[in-house]
Amino acid sequence: MRIISPEKDYYDSVQSYGQDDIKFVRKNRRLDVTDNVLIKKVTEGRLHGEIKKGREEFYVETFSIYYLGNIYNGIEISSLNTRTYGNKTFFYTYEEFINFFGEEIDESRLVSRGWRFERSNFVKDWLKSYPFDLSEVFGDCYIAYIPGYMERLNYYKIEKYPILSKYDFQKVKDPYTIFQEIQMFLCNVANPEPVMVKISDKDLAYKRGHGDPYSFRKVKEK
């Protein structure tokens, strides 16, 4: 498989190890989604707010990556300190998050669905992956970035075919695995399984020359 894209992603280098007839043009596209039940379900439990680590302060925001029929929830933190302002780190597991902030993290400053919660499993409930079919929304698009925030009520700006290295998705899928999975998916899209056509026994016999009254016999001459 050959991927043609104006921007490089972390798994593109695997292409040098093999080529075939499939060429895929990967182009980042924005998809505006309004009041969609499935997207609402994915973003349920989203959170945002500020968290401190010692003297450092970070802004916390959730997001989701849709990849081949699965949802991978993540957390993005941005530094609010003067020297490191804007530096981002991404987490996909609770263990990573706790290793960074420590066990005594105060989650009470985080906000979910517009309400404040004071409970210890707030982040843990969000950081998970699970199967979820969004083909109704994305069609054959195998990957998308779903922000945890809304532009306005029930309105989302979703990113189709995002550059995954921007979100450290290599923490979830190594370049060889993700390339092979995408290649298999695109092969199935390009060459779907042939559909078996069912016909009756009578039609099958006629097709094979057994249905005509003069099959294998010479027609009588008058």
May I ask you to order 82-88, 157-163, 126-132 by the average number of other C-beta atoms within 10 Å around their residues, highest value first? 157-163, 126-132, 82-88
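Assuming 0.36 nm per residue, please report the length gained on full extension of the stretch ASN87 to VAL189 beyond their Cα-Cα distance. Kindly include the intermediate steps, with their values, before the conclusion.
On the way: separation 102, 0.36 × 102 = 36.72 nm, distance 3.83 nm.
Going from the current span to full extension adds 32.9 nm.
Express the Stokes-Einstein translational diffusion coefficient of segment 29-162 in µm² s⁻¹, to the nearest whole number, given a Kirkwood radius over alpha-carbon pairs, 37 °C and a viscosity of 0.692 mPa s. Numbers along the way, then the final one.
Working: Rh = 15.6 Å.
Here the translational diffusion coefficient equals 211 µm²/s.
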Taking 0.36 nm per residue of separation and subtracting the Cα-Cα distance, what length does fully extending ASP174 through GLU50 add? 41.6 nm
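Students often check this: by mean Cβ neighbours within 10 Å, which of 40-52, 68-80 ranks highest, and how do the rest follow?
Values: 40-52: 16.1, 68-80: 18.1.
Descending packing order for the listed peptides: 68-80, 40-52.
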Nonlocal amide H pairs with ARG2, under 5 Å, H built at 1.01 Å: ASP20, ILE22, LYS23, PHE24
Residue-wise HN-Hα coupling along segment 27-32, computed from phi with Karplus coefficients 6.51, -1.76, 1.60 (Hz; x: Gly, Pro): 10, 5, 9, 9, 10, 8
Can you tell me the length gained on complete extension of the stretch LYS124 to LYS157, counting 0.36 nm per residue apart and subtracting the Cα distance? 9.3 nm
Cross-link list LYS8/LYS53; LYS27/LYS52; LYS23/LYS124; LYS27/LYS53; LYS41/LYS124: which exceed 28 angstrom alpha carbon to alpha carbon? LYS8/LYS53; LYS27/LYS52; LYS23/LYS124; LYS27/LYS53
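Every read-out reported here was derived from the displayed coordinates using simple, explicitly stated rules and does not represent laboratory data. On a predicted model such as this, the values are computed, not experimentally measured, just so you know. As a convention, Cβ positions derive from the backbone with ideal geometry for all residues, glycine included, and neighbour counts pool all protein chains shown.
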